[in-house]
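Working notes, structure below.
The values are calculated or read from the model by the stated rules, or taken from the named source; none is laboratory data. What you are looking at is a predicted structure, and each value in this text was computed from that prediction instead of being measured. Quick reminder, even Gly has a Cβ in these numbers, built from the backbone with ideal geometry, and neighbours come from all protein chains shown.
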Amino acid sequence: MARFFYILLVMAILNEASKKELLKTSEDSGFCVRNRYLTRNRAQIKNSGLRFDMDYEVDSTSIQKIPGGISFLVKSIFEDVPFLKGSIVLLTSGSLHVNFDEIHPLFPRFRSPYDDILNSESLHEVPDDSVKVKPNQVIWTYGKQKYELNFSPITIQGYYDETLTLKVNSHSMMNFDRYRSRDADLKPASQVKDTSSPIKILDSAGVYLEKGGELAYFDDLWSETFIDFVDNKKRGPSSVAMDFAFVDATDVYGLPEHADHISLKDTVDDEPYRIYNIDYTEHAVDTRQSLYGNIPFMLSRSSKKIAGGVFWFNPSETYVDISTSNKEKLTHWISESGVIDFFLIVSETPMNVVETYTMLTGPPQLPPQFALGYHQCRWNYISQEDLLDVSSGFETNNLPMDVIWLDIEYTPERQYFMWDHNTFPDPIGMQNTLDTQNRKLVTIIDPHIKRSDKYSVHCEAEDLDLYVKNEDGEDFVGLCWPGRSSWLDFTKKDAQEYWAEHYSLERFPGSTNNTYIWNDMNEPSVFTGPEGTMPKTSLHGDVEHRDVHNLYGLLMMMSTHRGLLERSGNTERPFVLTRSFFAGVQKYGAIWTGDNTAKWEYLEYSIPMCLSVALGGVSMCGADIGGFFGDPEPELLVRWYQLAAFLPFFRGHSSIESKRREPWLSGEPYLSQIRQSLRLRYAMLPYWYTLFFQYHRNGTPVIRPMFLEFPMDKKTAKIDNQFLLGPSIMVAAVIQAGQEKVEIYLPEGKWYDYHTYSQVDYGEIYYEVQENWVPAFLRGGHIVPRQDRERNSSVLKYLDPFTLIVALDENEEAAGNLYIDDTKTHNYQSGEFLYAEMKFKDQKLKYEVANAMELENQIEKIVIVGMQKTPQHVLIENKHGATAAEFSMKENAVVIKLSEVQVNEHWVLTIN
């Protein structure tokens with residue numbers, strides 16, 4: 001233990017190879033080795049006469065109708081007595097929910113908390129007449145979706161519009177390790193005298209065939225050792241597995257979070273994708289190793305436009321293998337414990353699949369608008385004076401900023417919900433000063449609780465018995481930033497309530513209603529634990545940590561979100577950032593890609609990382625601008641700001657060991673270039689906010705990989721150095737020092753340079769790199785709302801007039817939307833918002849308000865890009881009547897100036 005702790009403490013100076021040795025591979029995880037081996041050697045194993053629970057069938061006499069589907073029992077084809085219970089239900093969203101569990105387990109199998117993760121509004125079952133039970137098959141039909149369950153062996157097929165899209169267990173990789181007593185174990189291979197007759201065993205974990213054909217034990221069934229850590233598996237092997245085949249798929253995507261390309265790689269002869277939340281400090285790129293958070297969701301792209309999706313609803317350690325053959329992508333999902341619980345989605349396009357999944361685990365939070373502005377952070381601003389000097393520096397240098405952050409040093413000895421009054425003597429006065437500058441404060445709150453008799457949070461948690469236990473039933477104790485620490489058991493409702501209560505102004509003295517929260521180190525990170533996290537043998541009540549590990553950060557964040565809601569009397573929208581996450585995190589706030597490094601490749605990989613997270617339902621994603629570790633050269637820092645202005649979560653952050661890098665410290669010309677990126681972001685806030693409302697309402701991702709908008713264009717399938725912001729703006733990155741040109745692919749259609757409005761040919765182009773911006777393009781057929789007045793916070797822009805950028809397509813048409821509310825409360829849920837629809841057709845721009853609220857803003861300017869002829873006359877018709885509007889031709893656009901045109905009224909603009 002001591003040796004491992006020492007290694008962790010000096011991890012920051014170790015080379016990458018050494019750090020990788022601290023993390024498991026698939027070869028270090030016995031449950032993965034067994035399942036991979038058994039599925040790849042089925043023929044040998046069957047010929048040996050050994051029995052394994054790898055062939056399953058429905059007990060047709062057990063089928064019962066339930067709303068939307070059936071329940072039934074399952075048995076091995078070698079046994080007459082069923083040992084699994086199953087249910088399959090089709091939901092009105094078009095997703096099929098499948099579950100298998102033990103009938104009489106020695107210990108209860110853990111099932112993920114549906115109420116915390118799933119959206120009850122997306123769980124409505126289809127009508128009974130959509131389900132047809134036949135002698136050897138059940139068929140679900142709802143709209144264009146159809147699913148078939150075949151009984152022997154168990155297989156499921158998913159069809160969209162009669163086209164086979166998904167197959168389940170078509171390669172017989174389903175496996176369910178039943179809990180068993182240790183005395184039921186098999187005898188060593190040397191004692192197996194006769195292999196001519198089948199040997200009945202209680203699960204598939206007992207034996208395997210060595211290459212020479214000799215029977216032998218797996219030696220990891222009841223205990224495993226990694227470095228100095230022993231994992232005592234008192235309940236024995238408990239893995240579950242299933243295969244999913246995406247038919248006619250060219251690519252599969254998802255499985256965030258990995259520092260990998262967006263199109264997932266084949267893995268059969270290499271490392272599978274690992275799903276296990278860990279603090280991988282200074283993580284590598286181009287890797288399938290796990291990072292801080294994980295979402296076990298995958299979707300496909302096919303040449304037939306249709307798409308399939310799989311949500312594997314299991315929070316234990318999981319590996320996913322991918323292979324390509326016979327025009328399909330075969331995936332093999334292996335989890336250490338829990339039950340088999342998954343959702344299938346088949347739909348018309350990949351976008352439909354993502355929206356369905358997102359709303360199944362959503363709906364996403366509509367963030368307060370300030371969260372879409374710029375955030376300034378560092379580990380650490382060391383004092384109240386330091387923080388206020390930084391905030392004033394943004395004012396002095398005319399730089400917009402909405403939020404400033406405090407890392408762990410604001411606390412006394414890392415005791416959270418407290419302030420170090422030596423360095424922060426007046427936190428409320430400090431925040432009042434920030435409030436005069438229209439800025440918010442975010443403070444970090446980590447999950448480790450310092451074990452000190454003088455720390456009330458610890459004393460109360462101990463008295464209330466709220467801590468995770470070790471395998472002997474005592475409070476789990478490990479080392480983290482405060483020293484000896486314990487961790488709340490967030491699977492307990494009492495612990496969730498206790499944590500939420502601490503965000504009240506009374507329990508967190510020095511906080512205000514403008515204090516928001518950052519949950520870090522919540523994988524959980526434990527310096528003295530295996531792989532720097534909590535031992536799997538730790539206990540959450542009767543549940544082992546191995547069963548719930550990937551849920552820990554989500555449950556902590558959910559409790560924090562609840563606390564901020566209750567602080568405001570459920571009126572204001574919280575803002576919470578988390579490092580660790582699981583499916584459904586989009587309901588509670590934002591994530592970032594973790595502790596990256598000041599190198600060009602980390603700028604490059606921030607794009608596919610955030611795009612993959614967006615496919616997993618979480619659009620509020622960003623990366624630390626400039627890199628957390630190290631010191632970026634000025635060109636890299638500027639390019640990072642320029643790209644990050646087009647990613648949802650826009651935060652500069654750096655390590656305590658890095659040089660200070662507030663924008664003005666770079667000097668000119670870099671300061672002006674960074675200022676231009678910040679100004680661009682703030683001008684686009686109306687478009688950002690509209691996109692997030694549509695995301696909140698429909699699950700439509702805010703940032704999108706190219707294939708999602710253009711699924712039939714095969715050239716977009718693997719592109720991940722460019723992306724779309726909503727449907728209207730395409731962005732490409734500058735990812736090399738001194739880069740002079742960027743190779744870009746623009747799908748068929750009309751495109752315009754966002755910065756100059758000049759038309760750009762579609763297809764493969766080389767864009768000449770500019771110092772002041774990264775390549776960005778307006779997509780013809782779309783209207784983008786902006787607010788172009790320069791302000792230093794989003795609050796100051798609230799009453800500003802709007803500009804509409806109208807980018808015409810080949811038919812000289814365009815459409816778009818504008819959403820406005822009070823930016824911070826839940827009043828929009830009772831109808832207090834504006835939602836306008838804009839359409840340009842036949843030389844007329846119609847602006848219609850579908851839902852209105854009282855607003856004073858005006859629309860002062862319309863910029864029309866792509867008109868084929870110069871206008872002679874422009875007429876605006878609104879409640880004041882019909883009047884001529886002033887217009888001019890400026891470079892590549894028609895600029896129309898308006899007066900007394902309100903944002904919350906109908907009007908029509910006619911061009912002659």
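Scanning for something hydrophobic (A, V, I, L, M, F, W, C), assigned to a loop (DSSP other than H, G, I, E, B) and out of contact with any helix residue (DSSP H, G or I) (no Cβ under 7 Å at 6 or more places or on another chain), does region 477-488 turn up at least one residue? So that I can check it myself, show each step before the final result.
Our first condition is that a residue be hydrophobic (A, V, I, L, M, F, W, C); within region 477-488, this holds for 477, 479-481, 487-488.
Filter once more, keeping what is assigned to a loop (DSSP other than H, G, I, E, B): 477, 481.
Retained after the next criterion (residues that are out of contact with any helix residue (DSSP H, G or I) (no Cβ under 7 Å at 6 or more places or on another chain)): 477.
Taking every residue of region 477-488 in turn, at least one turns out to be hydrophobic (A, V, I, L, M, F, W, C), assigned to a loop (DSSP other than H, G, I, E, B) and out of contact with any helix residue (DSSP H, G or I) (no Cβ under 7 Å at 6 or more places or on another chain).
Considering only region 346-354, I want to know if a residue exists there that is in a loop (DSSP other than H, G, I, E, B) and within 20 Å of Leu38 (Cβ to Cβ).
No; the residues of region 346-354 include none that is in a loop (DSSP other than H, G, I, E, B) and within 20 Å of Leu38 (Cβ to Cβ).
Return a yes/no flag: does region 749-761 have any residue that is within 25 Å of Phe649 (Cα to Cα) and in contact with an Asp or Glu (Cβ under 6 Å, 6 or more places away or on another chain).
Checked against the condition, which is being within 25 Å of Phe649 (Cα to Cα) and in contact with an Asp or Glu (Cβ under 6 Å, 6 or more places away or on another chain), region 749-761 yields no hits at all.
How many of the residues in region 745-769 are of a type in the set (D, E, K, R), under 31 Å from the mean Cα position of the chain (by Cα) and buried (at least 16 other Cβ atoms within 10 Å of the Cβ)?
Residues in region 745-769 being of a type in the set (D, E, K, R), under 31 Å from the mean Cα position of the chain (by Cα) and buried (at least 16 other Cβ atoms within 10 Å of the Cβ): 1 in total.
Of Leu360, Leu366, which residue is more than 15 Å from Asp243 (Cα to Cα), crowded, with 23+ Cβ neighbours inside 10 Å and within 20 Å of the chain's Cα centre (by Cα)?
Selected residue: Leu360, the only one of Leu360, Leu366 that is more than 15 Å from Asp243 (Cα to Cα), crowded, with 23+ Cβ neighbours inside 10 Å and within 20 Å of the chain's Cα centre (by Cα).
Filtering region 124-153 down to residues that are among the hydrophobic types (A, V, I, L, M, F, W, C) and in contact (Cβ under 8 Å) with a residue 60 or more places away in the chain, which residue is surrounded by the fewest Cβ atoms within 10 Å (Cβ to Cβ)?
The selected residue is Val133.
For region 384-419, name all the residues that are more than 22 Å from Asn522 (Cβ to Cβ) and in contact with a Phe, Trp or Tyr (Cβ under 7 Å, 6 or more places away or on another chain).
Selection gives Gln384, Leu387, Val390, Gly393, Asn397, Pro400, Met401, Asp402.
Hey, can you tell me all the residues within region 606-656 that are among the hydroxyl-bearing types (Ser, Thr, Tyr), closer than 25 Å to Leu708 by Cβ and out of contact with any helix residue (DSSP H, G or I) (no Cβ under 9 Å at 6 or more places or on another chain)? Break it down into steps so the answer makes sense when it comes.
Within region 606-656, the subset among the hydroxyl-bearing types (Ser, Thr, Tyr) is 606, 612, 619, 641, 654-655.
From what's left, closer than 25 Å to Leu708 by Cβ: 606, 612, 619.
Residue satisfying the conditions is Ser612 alone.
Might you let me know whether region 251-267 holds any residue that is among the basic types (Lys, Arg), buried (at least 21 other Cβ atoms within 10 Å of the Cβ) and touching a strand residue (DSSP E or B) at 6+ places or on another chain (Cβ under 8 Å)?
Checked region 251-267: no residue is among the basic types (Lys, Arg), buried (at least 21 other Cβ atoms within 10 Å of the Cβ) and touching a strand residue (DSSP E or B) at 6+ places or on another chain (Cβ under 8 Å).
Select, from Trp379, Trp419, the only residue that is assigned to a loop (DSSP other than H, G, I, E, B) and buried (at least 23 other Cβ atoms within 10 Å of the Cβ).
Trp419
Could you pull out the residue among Asn294, Asn326 that is of a type in the set (S, T, N, Q) and free of Cβ contacts under 8 Å to residues at least 12 places away in the same chain? Walk me through how you get there before you give the answer.
Details: Asn294 fails: free of Cβ contacts under 8 Å to residues at least 12 places away in the same chain.
Exactly one residue qualifies, and that residue is Asn326.
Could you list all residues from region 439-476 that are crowded, with 19+ Cβ neighbours inside 10 Å, free of Cβ contacts under 8 Å to residues at least 40 places away in the same chain, hydrophobic (A, V, I, L, M, F, W, C) and not in a loop (DSSP other than H, G, I, E, B)?
Ile449, Ala461
Which one of these is crowded, with 19+ Cβ neighbours inside 10 Å, closer than 22 Å to Pro237 by Cα and over 32 Å from the mean Cα position of the chain (by Cα): Ser112, Ser76?
Every option except Ser76 fails the conditions.
Quick one: in region 382-410, which of the residues that are hydroxyl-bearing (Ser, Thr, Tyr) and closer than 17 Å to Gln431 by Cα is surrounded by the fewest Cβ atoms within 10 Å (Cβ to Cβ)?
Filtering region 382-410 for residues that are hydroxyl-bearing (Ser, Thr, Tyr) and closer than 17 Å to Gln431 by Cα, the one surrounded by the fewest Cβ atoms within 10 Å (Cβ to Cβ) comes out as Ser392.
Name every residue in region 831-879 that is of a type outside the set (Gly, Ala, Ser), on the phi > 0 side of the Ramachandran plot and surrounded by 14 or more Cβ atoms within 10 Å (Cβ to Cβ), in order of residue number.
Matches in region 831-879: Gln843 only.
I need the full set of residues from region 880-890 which are surrounded by fewer than 16 Cβ atoms within 10 Å (Cβ to Cβ) and over 27 Å from Gly831 (Cβ atoms), in order please.
Once the filter is applied, which keeps residues that are surrounded by fewer than 16 Cβ atoms within 10 Å (Cβ to Cβ) and over 27 Å from Gly831 (Cβ atoms), region 880-890 yields Gly881, Ala882, Thr883, Ala884, Glu886, Ser888, Met889, Lys890.
For the list (1) surrounded by fewer than 24 Cβ atoms within 10 Å (Cβ to Cβ); (2) out of contact with any Asp or Glu (no Cβ under 6 Å at 6 or more places or on another chain), I need the number of the one condition that Tyr602 fails.
Only one criterion in (1) surrounded by fewer than 24 Cβ atoms within 10 Å (Cβ to Cβ); (2) out of contact with any Asp or Glu (no Cβ under 6 Å at 6 or more places or on another chain) is unmet by Tyr602, namely (1).
Looking at (1) in contact with a Pro (Cβ under 7 Å, 6 or more places away or on another chain); (2) surrounded by 20 or more Cβ atoms within 10 Å (Cβ to Cβ); (3) not polar (S, T, N, Q), find the lone condition where Val742 falls short.
Val742 satisfies every listed condition except (2).
Residue check: is Cys480 modelled with pLDDT of 95 or more and surrounded by 20 or more Cβ atoms within 10 Å (Cβ to Cβ)?
Judged against the criteria, Cys480 is a match.
For residues that are among the aliphatic types (A, V, I, L, M) and more than 20 Å from Gly94 (Cβ to Cβ), tally how many sit in region 140-155.
Result for region 140-155: 1.
So, restricting to strands (runs of 3 or more DSSP E) that lie completely within region 644-744, which ones have at least 2 residues that are touching a residue at least 60 places away in the same chain (Cβ under 8 Å), under 22 Å from the mean Cα position of the chain (by Cα) and not assigned by TED's automatic domain parsing to the domain that holds His755?
650-652
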